[in-house]
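First comes the structure, then the notes that go with it.
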Amino acid sequence: MKSKWVDHNGKKIWHIDLSGFGSNVHATQDELEAASQVTLQQPENSLLVLSDLSGTTISTQLLKIAQKSSADTNKYVKKTAVIGITGYRKYFIDAVSAFSGQKFSAFNTMEEALDWLAQD
């Protein structure tokens, strides 16, 4: 599993690393499922999440997988920052949010995302 815990400014952040999978939906799904298992073990409304989709193709199939995962894990997540989504691909965040009820904030860099997550 590529996903891992990171510490930033004294905050523990769950980094869901979906980067670099290109159009390999199965590898992306496997990583997301493994990361979701960790998420489901956390207290409700406690998780600070950084999702990195850099270098991963957003397909209809991946959208459906992400929507289900977000709906299943929503009650455990306090805040989610997303990187690697630019331009027209930002529709992906809106579609997942509308389906799952989970709110996402997009950032251009990992540092910006980590700073935002750690500011509470």
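Readers should treat all values here as calculations from the given coordinates under stated rules, not as data from a laboratory. What you see is a predicted model, and the numbers here were worked out from it, not measured in a lab. Methodologically, a virtual Cβ is constructed for each residue, glycine included, from the backbone with ideal geometry; neighbour enumeration extends over all protein chains shown.
The protection proxy used here, the mean number of other Cβ atoms lying within 10 Å of each residue, ranks peptides 1-7, 64-70 as follows, highest first: 64-70, 1-7. Computed from the alpha carbon positions, the gyration tensor of region 1-107 leads to an equivalent ellipsoid with semi-axes of 20, 15, 14 Å, biggest first.
Each stretch of four or more DSSP H residues adds -39500 (n - 2.57); spread over every residue of the chain, this sum gives -12500 deg cm²/dmol at 222 nm. Across every direction, the projection of the convex hull enclosing the Cα atoms of region 47-89 has a mean area of 3.2 nm². Listed by chain and number, the lysines whose C-alpha is less than 24 Å from the C-alpha of Lys11, apart from same-chain residues fewer than 8 away, are Lys2, Lys75, Lys78, Lys79, Lys103.
Overall, region 4-118 carries a charge dipole of about 300 debye about its Cα centre when +1 sits on the Cβ of Lys and Arg and -1 on the Cβ of Asp and Glu, all other atoms neutral.
Residue separation of Lys75 and Trp116 scaled by 0.36 nm, minus their Cα-Cα distance, works out to 12.8 nm of gained length.
Here the Karplus relation 6.51 cos²θ - 1.76 cosθ + 1.60, evaluated at θ = phi - 60°, turns the backbone of region 106-116 into coupling constants of 8, 9, 7, 10, 5, 4, 4, 5, 5, 4, 5 Hz, with x for every Gly and Pro. For the chain, the longest principal axis of the alpha carbon atoms and the long axis of helix 25-39 meet at an angle near 20°. Remark: the Asn24-Lys4 segment gains 5.2 nm on full extension, using 0.36 nm per residue and subtracting the alpha carbon distance. Label zone (Lys68, point 7 Å along Cα-to-C-beta; backbone nitrogen cut-off 19 Å) within region 1-26: 18, 24-26.
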